[in-house]
Amino acid sequence: MNRDNDKGKVLINRSLIVAVGKFVLLMCIILRLYYLQVYQADKYKTLADENRISTRLLVPPRGLIYDRNGVVIATNQQNFQALIVAEQTPNLQQTLDAFKKIMPLSEAEEKRIKKDLKANKSFVPIKIKDNLTWEEVSKIQLNAPDLPGVIIDEGLSRYYPYGEKMAHVLGYVAAVSDKDEKDDPLLEVPDFKIGKSGIEKLFEKKLRGKGGNLKSEVNAYGRVMKEIEKNEGIPGERVDLTIDARLQEKAYDLFAEQDQSGAAILLDVHSGEILAFVSAPSFDPNAFSKGISNAEWKELLSNEKKPLSNKAISGQYSPGSTFKIITALAALESGTIKPDTRFFCAAKMTLGTHTFHCWKRIGHGYLNVIEALKHSCDIFFYETALRLGIEKLADMARRFGLGSKINVGLENEKAGLIPDKAWKLKRFGEPWQQGESLISGIGQGYILTTPLQLATMVARVANGGYEVKPTFTKLTSDEKSHINKIKVHSAYIDMVKEGMFEVVNVPGATAYGSRFDYHGIKMAGKTGSTQVRRITMKERQTRILKQDELPWKYRDHGVFVGYAPADNPKYAVAVLVEHGGGGSKAAAPIASKILLEAVKLDTSLYNPSPEKTLTPLSLKKDVIPSE
Amino acid sequence: MYKFYETTIKTQSMSLTEKFFNLNFMYILLISLMAATGVVMLYSAANGSWSPWALNHLVRFAFGFCLMIALAMMDIRWFMRYAYLFYFASLFLLIVVEVEGHIGMGAQRWINLGIIKIQPSELMKIALVLALARYFHTSSLQTIESIRGIIPPALMTLVPAFLVMIQPDLGTALMLLFTAGMIFFVVGVQLWKFGVVILAGLLSLPIAWQFLHGYQKNRILTFLDPERDPLGAGYHIIQSKIALGSGGVFGKGFLKGTQSHLNFLPEKHTDFIFTMLSEEFGMVGAVFVVLVNLLIIAYTYSFAMKSNSYFGKLVAIGLACNYFLYIFINISMVLGMLPVVGIPLPLISYGGTVMLSVMSSFGIILCVYINRNMNIGKD
């Protein structure tokens, strides 16, 4: 019994210990609750909100682009896409089959849809097809009863009303790639498109706008339960360009009609504003914003006329005889020749062991600088360059915008090349040869220019020697009044301009066939052509092949620079036709038509009379063969 | 405090009416309070709906309540008399489940009786307490302190614990071991023996580790480092802590717990219901539940102390231990203090078997209380 008492005592003692232990453990729980719910409450509140709140970026509409007259040249178009929500359709396969009856789906598309459906929760809409036409949308809506779970979603996609005509100005937008700098959370949005080239790229920041936010409460599976907060963001700003859509269209069409490859730039000579900027052939930028197919892309890459290359700034060509403008100015300015200096052209001249030919096989006889420009006599400029030397020539060329980048803002702009002695020594480790000065004098040899540089050059000549710089954005009047004067005597510029006037307006001159007279307004200019092959000695002795007889890629490039009105220049143009077979034949007619169009549209230049008495001259009748 | 209900000393049998008025109504109130909390939380877990859980829970509680009263009305000697029979019946069912499980090629914990499913491991929790209580009631302190005397109860514990472990249900197996361990402790088994067992246990840990299932290993590793696998096994515990912590002092409000209602919190109607309660009612609600349960355990201890019979004392203490383990393991688990072992919070979590098992325990405890003045012989 005593032992039983002990047993009971042990039980009571030990139970008390256990009870205290339990009490302590439960107090530990309360301490832990305090730690989590008071001490760390803020941390966990934040984590809970991160769990529950999902922030979705709202893509702002991209800014529109307008031409100088307020015509929309890049806009946003509604893009309809068909989506399917798996949980809203009783039989997925049946619905997809029904969809295929309305609109065929390729095997790859079907595969992608099924993959997306598998990878996502059943309430996530999966894209079936996008870029639907109105017709297709109405077809789907008509068949809605057979298509449970299929919804039509409206988005915005970039649209260029002028398509390929503006492609090399505006560029295009496309999906963000790994190479792009990710400086904006918008770039992480799937399907977001950014400017990849042209104005779209140059003004990307301005056009993009700021993304908005949609905060919504989501459950653990990501389903949106309710909207908490919406911030619309800021739409992209509009961009106004100096381009005139009418002139741009006209200029592009001139190339497209003849299936020509080349570039044309039309500038306002007083401001440098770019009115037309064409590189032909071109591509359809709308295809890029919709997503270009592999086949289309390969076709663009393999085309020998290089539609993706922006020839106006990336193409580097010998300026040919258009460079004689610079030679003349340099020689006059430096006093190498006087206005009345005459050289004799006997069709060829020799320098050391080399013989240099004039394009005219019977020679021009005696001529002064104006006449030499008018007939584009090579011998005159050989003689001039021989006396002038490369350094002074290069210096003048640079003053007129050649040999360095204009920095117009588009990518892949090339600097061209104006050679001098130092350059040659550095490049080839050889001293400059006199003969190289000669051929530089007629724009051949090492000299390379882009069409945009040629346009700049002719604009600076036309405006009397003001250092205008081509631009796609309008200049303020303050900027216009602060354009520097180039260090060239105005009288010499006037002489060159007189020569350029005669090139177009005197019978027998190189561009006489491309002249026009619109209400008394005429144009002036200078032709040029650059050989892309070497004329052999043998060929010279027998007969030089005519351009038409050569394969396309061996034909000369045709160049023309000009301006109008001749007496009070306002518009300057540079046209380069690749393998067009000479400046007067290929480039001058195009330049003439562009200038004429610019003049016609500019009613301030003339008093528009009700009856059109003067029409542009026919260009067919008296085409003069190339220089 | 309960003197009010106490009748004059009655050593022999009481009438049913007398027994009824001898029930501890405060105790029953506390139990009902927890069950009501369960109904409220299950209503919230279903986003403010009586179905599918809250109403069922209420019905089960009502049924459990009747069972509790019925068991409380029993003669305590009856429990002692049939303790071993009940134990062996439960053991038999555990074996049946194990064999069926092998045939069915999968984890098997249930016996389907058509109307209700019985989990033999839950029966075993009560049966083991009763059987051990009977064994120690009839043993002398000498026997208890001897090694030979400790072997039968040790086997009584280890055999069912092993069977439950291989089900596999580590949580319940540990509960059986801990409950039995506490009983061994209170009856006076020398501390050094515990030392030996604990040491042996620690030494065999690396071997035991080999026998654990992959998911069990995962749970333990995840407990040690929840960030190890934030989307997999660690997800539950991370989300549970976020829910709890974000509840703050006063909670987000009834039906307003974002973690639970947006389904970030897993198993919110079963194992993680305490988390949901803490999210919606904050620390105030959580401490309330802990304190009510503390009171329930304290009452049970006081019943044990008041009982005249060793058997009665031991049964009440054993069942209190069992209930304490439920509460402690479940809450510690959702607070990230213990690995996730799948132990529900009794009276609050949704689940029929546990409800019946704890209500039966309360019935037996109340029976001990009603018969506190009865002396039970050693036969």
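Conditions tested, residue by residue: (1) under 30 Å from B:THR300 (Cα atoms); (2) among the hydrophobic types (A, V, I, L, M, F, W, C); (3) not assigned by TED's automatic domain parsing to the domain that holds A:ALA74.
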position: A:LEU26; (1), (2), (3): yes, yes, yes
position: A:ILE29; (1), (2), (3): yes, yes, yes
position: A:ARG32; (1), (2), (3): yes, no, yes
position: A:VAL38; (1), (2), (3): no, yes, yes
position: A:ALA41; (1), (2), (3): no, yes, yes
position: A:LEU47; (1), (2), (3): no, yes, yes
position: A:GLU50; (1), (2), (3): no, no, yes
position: A:ARG62; (1), (2), (3): no, no, no
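For the stretch B:310-322, the set of residues classified as more than 10 Å from every other protein chain (Cβ to nearest Cβ) and either under 19 Å from A:ASN5 (Cα atoms) or without any contact (Cβ under 8 Å) to a residue 60 or more places away in the chain (or both) consists of B:PHE311, B:GLY312, B:VAL315, listed by residue number.
If you go through the stretch B:310-337 and keep only what is crowded, with 22+ Cβ neighbours inside 10 Å and assigned to a loop (DSSP other than H, G, I, E, B), you end up with just B:LEU335. Checked against (1) at pLDDT 90 or above; (2) surrounded by 15 or more Cβ atoms within 10 Å (Cβ to Cβ); (3) not hydroxyl-bearing (Ser, Thr, Tyr), A:LYS338 passes all but condition (2). Take A:ALA295 and decide whether it is over 27 Å from A:GLU502 (Cα atoms) and over 22 Å from the mean Cα position of the chain (by Cα). Yes; evaluated as a whole, the condition is true for this residue.
Listed by position, the helices (runs of 4 or more DSSP H) enclosed by the stretch A:399-495 that each have at least 2 residues that are farther than 26 Å from A:GLU383 by Cα and among the aliphatic types (A, V, I, L, M) are A:451-462. No other residue among B:ALA131, B:ALA127 is surrounded by 14 or more Cβ atoms within 10 Å (Cβ to Cβ), modelled with pLDDT of 95 or more and out of contact with any Leu (no Cβ under 9 Å at 6 or more places or on another chain) apart from B:ALA131. Entry remark, the stretch B:322-360: residues being over 24 Å from A:GLY21 (Cα atoms) and small (Gly, Ala, Ser) number 5 in total.
Assess whether A:VAL559 counts as being modelled with pLDDT of 95 or more, crowded, with 24+ Cβ neighbours inside 10 Å and not basic (Lys, Arg). So A:VAL559 fails the test. Is it true that some residue in the stretch B:329-339 is more than 23 Å from B:ALA36 (Cα to Cα) and either over 25 Å from the mean Cα position of the chain (by Cα) or within 7 Å of chain A (Cβ to nearest Cβ) (or both)? The answer is yes; a qualifying residue exists.
Please verify whether the stretch A:460-467 includes one or more residues that are touching a strand residue (DSSP E or B) at 6+ places or on another chain (Cβ under 9 Å), closer than 22 Å to A:VAL559 by Cβ and among the polar types (S, T, N, Q). Yes, some residue in the stretch A:460-467 is touching a strand residue (DSSP E or B) at 6+ places or on another chain (Cβ under 9 Å), closer than 22 Å to A:VAL559 by Cβ and among the polar types (S, T, N, Q). Number of residues in the stretch B:126-148 that are in contact with a Phe, Trp or Tyr (Cβ under 6 Å, 6 or more places away or on another chain), within 24 Å of B:ALA173 (Cβ to Cβ) and within 14 Å of chain A (Cβ to nearest Cβ): the value is 1. Counting the residues of the stretch A:486-504 that are crowded, with 20+ Cβ neighbours inside 10 Å, more than 13 Å from A:ALA372 (Cα to Cα) and out of contact with any Asp or Glu (no Cβ under 6 Å at 6 or more places or on another chain) gives 2. Does A:SER54 meet the test of being among the hydroxyl-bearing types (Ser, Thr, Tyr), surrounded by fewer than 16 Cβ atoms within 10 Å (Cβ to Cβ) and either assigned by TED's automatic domain parsing to the domain that holds A:ILE234 or more than 33 Å from the chain's Cα centre (by Cα) (or both)? Considered against the rule, which asks whether it is among the hydroxyl-bearing types (Ser, Thr, Tyr), surrounded by fewer than 16 Cβ atoms within 10 Å (Cβ to Cβ) and either assigned by TED's automatic domain parsing to the domain that holds A:ILE234 or more than 33 Å from the chain's Cα centre (by Cα) (or both), A:SER54 comes out as no.
Which of the residues that make up the stretch B:237-258 are of a type outside the set (A, V, I, L, M, F, W, C) and without any contact (Cβ under 8 Å) to a residue 40 or more places away in the chain? Hits for the stretch B:237-258 are B:GLN239, B:GLY245, B:SER246, B:GLY247, B:GLY248, B:GLY251, B:LYS252, B:GLY253, B:LYS256, B:THR258. Being closer than 22 Å to A:THR456 by Cα and surrounded by fewer than 23 Cβ atoms within 10 Å (Cβ to Cβ) is the requirement here; does A:ALA415 meet it? When the stated conditions are applied, A:ALA415 passes them.
Results for (1) at pLDDT below 90; (2) more than 14 Å from chain B (Cβ to nearest Cβ); (3) under 20 Å from A:PRO61 (Cα atoms), shown as yes or no for each residue.
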| site | (1), (2), (3) |
| --- | --- |
| A:LEU186 | yes, yes, yes |
| A:ILE199 | no, yes, yes |
| A:TYR252 | no, yes, no |
| A:ASP259 | yes, yes, no |
| A:ASP268 | no, yes, no |
| A:GLY272 | no, yes, no |
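Checking each residue in the stretch A:244-271 for being within 17 Å of the chain's Cα centre (by Cα) and of a type in the set (Val, Ile, Thr) picks out only A:ILE265.
Tell me, yes or no, whether the stretch A:25-37 has at least one residue that is in contact with a strand residue (DSSP E or B) (Cβ under 7 Å, 6 or more places away or on another chain) and either part of a helix (DSSP H, G or I) or within 9 Å of another protein chain (Cβ to nearest Cβ) (or both). No, because not a single residue in the stretch A:25-37 is in contact with a strand residue (DSSP E or B) (Cβ under 7 Å, 6 or more places away or on another chain) and either part of a helix (DSSP H, G or I) or within 9 Å of another protein chain (Cβ to nearest Cβ) (or both). Note on the stretch A:111-129: among residues that are in contact with a Lys or Arg (Cβ under 8 Å, 6 or more places away or on another chain) and among the charged types (D, E, K, R), the one that is farthest from A:ASN219 (Cα to Cα) is A:ASP116.
Are any of the residues in the stretch A:44-56 more than 11 Å from chain B (Cβ to nearest Cβ) and over 30 Å from B:MET333 (Cβ atoms)? Yes, the conditions are met somewhere in the stretch A:44-56.
The values are calculated or read from the model by the stated rules, or taken from the named source; none is laboratory data. Everything quoted here is computed from the prediction, not taken from an experiment. Cβ: placed from backbone, ideal geometry, glycine included. Neighbour counts: every protein chain shown.
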